[in-house]
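First the structure, in the form of structure tokens, and then the observations on it.
Each reported figure results from applying straightforward, stated rules to the coordinates on display, with no laboratory input. All of these numbers come straight from a predicted model, not from anything done at the bench. Neighbour counts run over all protein chains shown; Cβ positions are idealised from the backbone, glycine included.
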Amino acid sequence: MRGRNLHIVLFAMLAACTQSQSRELVDTNAAGGAGGTYPARMALDASLPPEQAPVQPEGAAWAADGSAVSFAAPGQAALLTLACTHDTAGTASLVITRRTRAADGAKAFLALIGNGRIARLPIDVARPGEAGEWRGAIPVADARLDVLKGSNRIEATLPGGGTLQLPASGEPGRLLAACRASDRAPAPAV
């Protein structure tokens, strides 16, 4: 019986929840009403248009180029590039570059969903502006990069920068495998 009562209480609490709304109290005495106050909706400033996320151009596809793969529309700059790089010790990293608007000094997480995995990878603004550039370097040993393994579609979302629907391709996975094979990271100290 106690479990049933708990369910009823939880259901009642859930039913009482509504979306957050901006409200102000209106004094009905001032408006010639019967008196008292009640909540009323506030008008939002309609002069400020909502900021629209960039839209993915038609015909964009993956293309391999040596130690990098890029996702771009024909004749346009790459929207997303994955490149294998190495530091002086031979440690390999996958550099992710996302080209879209960027505010100076901003930091974000690029969310990748695909191949049965979800990854949130840190990236920073490398070049601010409407035609900006975000960049992050992730060590190839990082298991979060496994989101690129496989050949299924991947969704890449950057807050404020929109979502890319990356078509199914084996190119990102092949690049990741080759980059991991080239990793010469020093063995961890015991």
Computed about the Cα centre, the charge dipole of segment 61-181 from +1 Lys/Arg and -1 Asp/Glu charges at the Cβ has a magnitude in debye, to the nearest 20, of 220
Per the C-alpha gyration tensor (a ≥ b ≥ c, the square roots of its eigenvalues), segment 61-181 is rounded if a/c is under 1.5, else prolate if a/b beats b/c, else oblate; here it's rounded
With a ≥ b ≥ c from the Cα gyration tensor eigenvalues, square-rooted, and the rule rounded for a/c under 1.5, otherwise prolate when a/b > b/c and oblate otherwise, segment 116-190 is oblate
